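Asker: Structure provided below as C-alpha cells; questions to follow.
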Amino acid sequence: MFELFDPLDPLDPLDSFDLFDPSDRQGVSMSSARTPHAEPEAAAHRAHAGPVNLPPRRIAALVAGALVVIQAGMLVLFAWPNARLHPRDVPISVSGPPPAVAQIVEGLRRADPGAFKVHVAEDEAAARDRVLDRKDYGALVVGPEGPRVLVASGASVPVAQLLEQVAAGANGGRPVPVDDLVPPASGDPRGTGLNSGMLPLVLTGMFSGILLTLLVSQVRWRVVAAAAFSLVGGVCATGLMQGWVEAIRGPFALNAAVLAAMMFAIGVTIIGFAAVFGRPGMAVGAVLMFLVGNPLSGVAAGPQMLPQPWGAFGQFLPPGAGGSLLRSTAFFDGQGAARPLAVLLGWMVLAAGLIAAAALLDRRTRPAASP
C-alpha cells in the first residue's frame, strides 16, 4: 500500500499522499516550498512586489555620481580634441627649384617636427592638381615671381590659414600671395556654419534609431521609417544649409543623398545594435555615434588637426565619414569621396548583419519557447 522513498529525495514524501486540505495554508507551508509550482508562484509574487526600495539618500548619491561620470566623459570627448588642435602629418606639396624646395622642407621640419607630410611636386600644375584631388590641403610654390601658397579653404579653413602663416614665416615674415583654389561657400567664409550644421544631423539620426526602437515593435518597420526619415531629412537639411545658410554648394541632389546616407547609417546602426543586444546595445550605439563620433569627426578643422590616432579613428565612424563625403561633393566635384562612402556603406552592411542575426536568433528560440 505504501511506497518506499529515498530520504535524500528532494521531493517531499508527503506529496504522494492527499492528506492535507489545499486550503489549509499552515499545513502545506513546508511541502509547497518544495513543489514544482513553488518557483512560478514565488516569481509572480516578486513581480507584483515591485522594485526594491532604496533609501532616498542612496538614490541621490547614485544619481549624483552617475552625473559626475557622464559630465567628465563629455568634457573629455568634446573639449579635449578642440583644446589640442595642432597639425599632425598634414599633407601638403612643395614645388620649385631643388635648392628652394630643400630649404623649405628643412625649415618646416625644424620649425614643427611632424606637423606636415610634404610631397615634392614636379611643378605648380602638379601641385595644383593634388590640391584639387584632395590629396593635399595646400602647396608652397616657388616660381620666377617669388613664393606663393595654394590653399583649399573648402577642405579646412584653419589649415588654409595655417599654411598662409607658414608661407609668411618661410618668406622672412613678409606676406605671401595666396591663391585659394577651393574657397568656402559665400555664406560661410569661416566654415563655422558647416561645422555647426552637422551636429543636429548627427543628433536627429541618433534619435531616429532610439525612438523607432522604443516605439515600433517590428524591426523591418523601424528600418523603413529610418530610411524614410533620412531621405526627407536629407533633402530638408540640404535645402537649409545650401539654400538659406549657404554653408555648402555643389549639386543639390548629391549633397542631399550624402546627408541622408549619413543619418541613415547612424540610425540603422543603433537599430541593429538594439535588435541583438537590447537596450544596452542601443545605448552603446548612441554613445559611439554622438559622444565619440561627433567630436572626432574633424569637420571643423580636419582630422589631421586632432590628436592621433583619434582623428584618424573618427573617419571610420559615420559622423566623420559623412562630413568628409559632404566636403567632397560640395566643394571638390566628388574627389576623395571613395573612402568615406565605403565607410558609410560598411556601417549599413554591419547594421543589416546585426538585424539578420537577431532574426535568426529569434527563429531558433521561438520553437523552444512554444511548448
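Asker: So for the stretch 192-365, considering every pair of alpha-carbon atoms, how many percent are separated by more than 21 Å?
Answerer: Tail of the P(r) past 21 Å holds 44 percent of the pairs.
Asker: Rounded to the nearest 0.05, what FRET efficiency is calculated for Val120 and Asn53 with R0 set to 51 Å and r the Cβ-Cβ distance?
Answerer: On the way: r = 72 Å, r/R0 = 1.42.
For R0 = 51 Å, the calculated efficiency reads 0.10.
Asker: In terms of the Cα gyration tensor, with a ≥ b ≥ c the square roots of its eigenvalues, is the stretch 139-221 rounded because a/c is under 1.5, prolate because a/b exceeds b/c, or oblate?
Answerer: Cα axes put the stretch 139-221 in the prolate bin.
Asker: Another one. How much length is gained on full extension from Met74 to Arg363, taking 0.36 nm per residue of separation minus their Cα-Cα distance? All intermediate terms of the calculation are to be shown ahead of the outcome.
Answerer: Values: separation 289, 0.36 × 289 = 104.04 nm, distance 3.94 nm.
Answer, rounded to one decimal: 100.1 nm.
Asker: Further question: Please give the length that would be gained between Ala66 and Gln335 if that part of the chain were fully extended, namely 0.36 nm times their separation in residues minus their C-alpha to C-alpha distance (nm, one decimal).
Answerer: That works out to 92.4 nm of additional length.
Asker: Mean 1/r over all different Cα pairs, inverted: what Kirkwood radius does the stretch 275-331 give, in Å?
Answerer: 11.8 Å
Asker: Could you list Asp362, Asp333 so that the one with the fewest beta carbons within 10 Å of its beta carbon is first and the one with the most is last?
Answerer: Asp362, Asp333
Asker: Fully extended, how many nm does the chain gain between Val232 and Lys135 (0.36 nm per residue separation, minus their Cα-Cα distance)?
Answerer: 31.7 nm
Asker: Please work out whether the stretch 90-180 counts as rounded, prolate or oblate from its C-alpha gyration tensor, where a ≥ b ≥ c are the square roots of the eigenvalues and a/c under 1.5 means rounded, while otherwise a/b larger than b/c means prolate and anything else oblate? Before the final figure, lay out each step's value.
Answerer: On the way: a/c = 1.24, a/b = 1.12, b/c = 1.11.
It comes out rounded by the Cα gyration axes.
Asker: Okay, moving on. Given charges of +1 on the Cβ of Lys and Arg and -1 on the Cβ of Asp and Glu, with all other atoms neutral, how large is the dipole of the stretch 217-342 about its Cα centre, in debye to the nearest 20? Please list the in-between numbers first.
Answerer: Details: 6 positive and 2 negative charges, 57 e Å.
Rounded to the nearest 20 debye, it is 280 debye.
Asker: Roughly how far apart, in whole Å, are the Cα centres of the stretch 60-91 and the stretch 100-119?
Answerer: Taking the Cα centre of the stretch 100-119 as reference, the centre of the stretch 60-91 is 33 Å away.
Read-outs throughout are calculated quantities, based only on the coordinates presented, and are distinct from any laboratory measurement. No experiment lies behind these values; they were computed from the predicted model shown. Counting neighbours? That spans all protein chains shown, and the Cβs are built from the backbone with ideal geometry, glycine included.
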